[in-house]
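One structure is given below, encoded as structure tokens.
Any read-out appearing in this document is the output of simple, stated calculations on the displayed coordinates, not a laboratory observation. Keep in mind that this is a model prediction, so the values were computed, not measured. All Cβ positions, even for glycine, are placed from backbone atoms using ideal geometry, and neighbour counts span all protein chains on display.
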Amino acid sequence: MDKKYQIKSLADADVQQQLNNASPLDMVHTLQSIELHNQQSSIKVIDEIYEEFEGGGSTVETLLKPLVISMVDSGLSRVSILQDKKGKKSVSFEKGTGGTAVNDFLSGAVIWEAINDFSYDKYETEQNVEAALADRSNDYRTENRMSEMPGKFKRKEYEHSGKKSATKQARDKVFGDGDRVYVNSEIEGKRAYHQKRVDAMGRGAGHKQKVEADHVVALKALHVEFGKNIFVDKDMVKAAGDHEQNIALITQGLNNAKSEHDIATVRKMRQTAIEKQQRGEKLGSNEQSLVDTSDEAMDRFEAREAKAKDDIEAHIRQLARDNHWKTAGRAAKNIGGQLKTLSAKEAIRMGVAEFIKIAIYEIKDMILNGFKSGVGERSLMAALKARIRRMTRYLKQRIWPAIKEIADNIIQTLVKEFFKSLPLFFTGLLKKFMNLVADGMHAIIQAFKILKKPSNEMTPAQKGDALVKVFISIVTPFLTSYLLQLPLGPFEELAEVILGSVVSCVLIWAVDKADLFNTKADRRSQRVKEVFEYRVQQIKQNVDVFDRNATQTFIQQRLAFDTMHKQLSDAIDANKPVHELSTNLADFMGAGKKIKIRDTDTFMELLSSNKQLTI
Amino acid sequence: MGLWSSFKKGVKSVCGTITGKKKAEQAKEKFAELEREFKKRNKAYSEFVEFKTSEIAKQVQVINELKMQTFSGAFPEFLNVANRLHNVSIRGKPILDAVAIPEKMIHTPEAVRSKQDILTIDFDDLSTKQKVVGVLTFGISTRKAAKESLKRAEDEEQRLKEEYAKMDATQVKLKHTLTALKEIAHYYRSIIELYGKTVKRLSHGIAAQQVSHIAFSGQFVGKVDFRTLPTRQLEDFMALYNMTILLKEMASRQYLSMPTESRPELELDKKDMDLTELAKANPQQFGMAA
């Protein structure tokens with residue numbers, strides 16, 4: 001049973017234990033604290049079940065899913081243009097990104113899964129960007145596919161100049177317009193001086209330690225890392241590179257030595273310089289600066305770099321996400337590029353698979369969220385437009401690049417297929433007719449099967465509903481063959497399957513929506529019965545456990561008490577001691593904790609030591 | 001029956017099937033049946049609850065009286081005897097139980113929902129829109145609505161079963177609550193009785209002691225020295241001391257209302273209840289021989 005309809009069941013042993021632990025005086029409270037049923041209102045429960053059936057969830061599962069699977073599995077497999085040499089259908093979907101991968105087996109189940117996995121949001125935003133960002137090793141830019149480097153680094157493209165320069169701003173922030181001449185450089189922790197300024201006492205003049213503000217992670221390094229990523233453009237790198245976390249105050253000497261390198265390289269360079277010094281060789285000025293830098297400074301530098309890298313990465317990811325629309329087109333172009341290697345047949349297969357996916361997705365969305373509200377439109381026409389618009393946009397980005405890349409190839413294939421199928425065209429007509437007869441027979445057999453089902457499995461209304469749907473499955477081929485008057489050559493079969501499926505999908509959806517026999521009410525009643533039978537059963541069982549154990553406890557307590565009572569009463573009459581019996585009685589009644597005096601010696605002590613005894 | 005009338009009846013019955021009128025009537029009948037059934041059950045339930053509630057109130061009253069009695073009868077008797085041995089007083093006063101039964105304990109049944117909620121179509125009162133749509137769809141719309149009504153009525157029946165089960169649960173709980181209170185009253189009464197008997201036994205014991213003391217020393221002493229007390233009397237004194245603690249505990253417990261709902265501690269009289277003074281001032285009232 002669904003969690004929301006559950007009623008906690010009382011275990012016999014638990015109730016027994018709870019009551020056994022209760023003293024006679026606690027009984028009312030203990031009985032009250034045992035819940036026989038939760039406080040959930042039955043009206044709320046029934047309302048929730050009704051709501052379950054208001055949504056299209058069951059329609060999608062019971063109607064759309066089998067339809068799609070059978071369409072793909074039996075329909076598309078018959079279409080020659082979608083079969084490769086091995087007779088396999090060969091398209092699959094990349095999970096998560098909404099993209100299409102080629103050369104895998106295509107089945108109805110795979111498509112259905114892809115439809116469920118798909119959403120425009122997912123496709124258009126994060127998933128794509130994240131996947132591309134995660135995979136830096138891939139060269140996404142088609143124009144640079146063959147080269148290792150992402151084009152030549154031009155500093156100007158990544159850095160603001162003049163007043164907007166981040167490094168200049170950082171320096172100005174420290175020194176301002178005043179007469180401050182030195183600052184502790186962040187990396188080395190050394191006193192470092194303004195390049196041109198000298199104060200009244202002459203400090204700063206000719207001093208070796210000039211300070212500079214510069215990027216921790218060099219812009220060139222960012223260019224190498226992100227420049228080739230399709231979802232990242234130069235403006236994003238520019239913004240992220242100038243992020244304040246990436247600007248540090250550093251002495252001129254170290255900055256020159258560091259240049260565009262990262263910390264790992266700088267450490268190596270420093271090691272080499274130190275070794276050189278130990279050998280007594282003469283050092284260059286950069287090498288000298290490195291040798292002069294302390295180990296602590298290097299550690300600080302490393303920490304600073306790690307932090308800057310994290311910040312830049314986060315910043316760029318954010319920018320990439322925010323600008324996904326700008327980059328989506330580029331992604332599509334890239335896929336087109338990848339598809340250069342595809343054969344025409346493969347491209348067509350991919351296109352068909354994508355088309356089916358997106359079309360069924362729209363139908364599913366209509367059923368689940370409503371035709372209009374699914375796209376947040378008020379009028380039917382606006383909703384239709386919105387739906388077509390987003391479908392076209394998707395297909396344009398997904399399929400068009402592929403088709404464009406290999407247009408020649410496709411045309412050749414189509415022409416070839418057309419001539420190949422021409423002689424078959426006339427025999428095809430006969431075949432089609434035979435198919436219809438076969439379908440008709442099939443439908444009639446189905447109908448008999450439905451009618452023969454016993455009434456406890458299917459209500460008359462459900463039978464009627466199923467018959468209507470069988471009837472539709474006979475009608476649609478006729479309908480689609482009317483719609484397809486043009487001989488489309490190799491496309492005819494394909495168009496027939498797709499159109500046929502879409503038409504029957506829509507018809508069945510409409511029939512289901514209309515729910516002529518109100519089978520929804522049947523299924524809903526079934527569910528209502530199921531839920532309440534469970535709940536009633538549960539409550540009755542709990543009441544039973546409660547009743548039985550409570551009664552038993554009362555009897556036990558009464559017996560125990562009566563025995564004690566008789567013992568005490570007899571002892572009083574027979575002039576026998578009662579002090580132990582009365583202590584036992586207090587224990588039994590649950591007041592044992594308050595009884596401190598348990599023998600006469602202690603009592604005597606109590607009397608002797610207290611002049612006044614207060615109870 | 002004439003041919004014409006049977007023909008008319010036949011047509012009517014076919015029409016009833018096509019438009020769904022038959023089903024709508026079934027739904028109506030079902031709905032009426034549900035209402036009848038609920039009314040019947042709910043009446044029995046309310047009566048039961050009312051009866052048990054008043055019984056519970058009575059028992060609470062009984063327990064409250066026992067609480068009072070403990071302090072007005074049993075304790076003064078004991079103090080009267082005990083003070084011949086030692087200076088003894090009892091602090092506090094009885095805390096009475098509120099009669100109110102916790103609301104959570106009694107399930108409030110959710111009645112059959114309104115006619116509009118269940119019956120989506122009424123052929124005796126069709127709106128113009130229903131008529132027009134019904135004709136245009138060859139009765140499909142009305143038939144559908146009729147079926148919907150019937151199913152809703154059937155669903156309501158299922159829901160009511162839960163209500164009845166919950167009513168039963170409340171009844172069982174009330175039944176056992178009453179039993180528990182009756183048991184408490186019984187235990188209470190018995191303990192007071194035993195207490196009284198023990199007080200008497202101790203009283204006789206001390207009197208005998210006093211008589212022998214006077215005979216021996218020739219003078220009357222206010223208090224009997226507990227150190228010279230025979231073991232049996234000392235044991236009885238101790239038994240009564242402990243039973244007083246038990247009875248006091250019983251008199252300050254809240255049996256029906258949950259501890260959280262009990263009245264605030266503030267109302268408790270913290271002052272010593274020195275009943276010895278009271279008993280001396282008005283011995284008759286406390287049933288003591290002067």
Too long at a 23 Å Cα-Cα cut-off: which of B:43/B:175; B:115/B:175; A:3/B:52; A:8/B:39; A:4/A:372; B:39/B:166?
-> B:115/B:175; A:3/B:52; A:8/B:39; A:4/A:372
Expressed as a rounded percentage, what relative contact order does region B:44-167 have, with Cα pairs under 8 Å and six or more residues apart?
-> 27 percent
Which of B:174, B:135, B:184 sits farthest toward the positive end of the charge dipole of region B:123-186, with +1 on the Cβ of Lys and Arg and -1 on the Cβ of Asp and Glu?
-> B:135
From the square roots a ≥ b ≥ c of the eigenvalues of the alpha-carbon gyration tensor of region A:149-322, which class results: rounded (a/c under 1.5), prolate (a/b over b/c), or oblate?
-> oblate
Is there a simple number for the mean count of other chain Cβ atoms within 10 Å of the Cβ of residues in A:553-561, and what is it?
-> 2
How high is the relative contact order of region B:17-286, given as a whole-number percent (alpha carbon pairs under 8 Å, six or more residues apart)?
-> 39 percent
For B:126, B:256, B:174, ascending order of other Cβ atoms within 10 Å (fewest first) is B:126, B:174, B:256
To the nearest µm²/s, what D does Stokes-Einstein give for region B:17-286 at 25 °C and 0.890 mPa s, using the Kirkwood radius over alpha carbon pairs as Rh?
-> 100 µm²/s
What average number of partner chain Cβ atoms lie no more than 10 Å from the Cβ of the residues making up B:143-154?
-> 4
Please identify every one of the trypsin sites (Lys or Arg not before Pro) in region A:565-615 that sits in a loop by DSSP and has no more than 11 other beta carbons within 10 Å of its own beta carbon.
-> A:596, A:611
For region A:149-322, what is the relative contact order in percent, using Cα pairs closer than 8 Å and at least 6 residues apart in sequence?
-> 25 percent
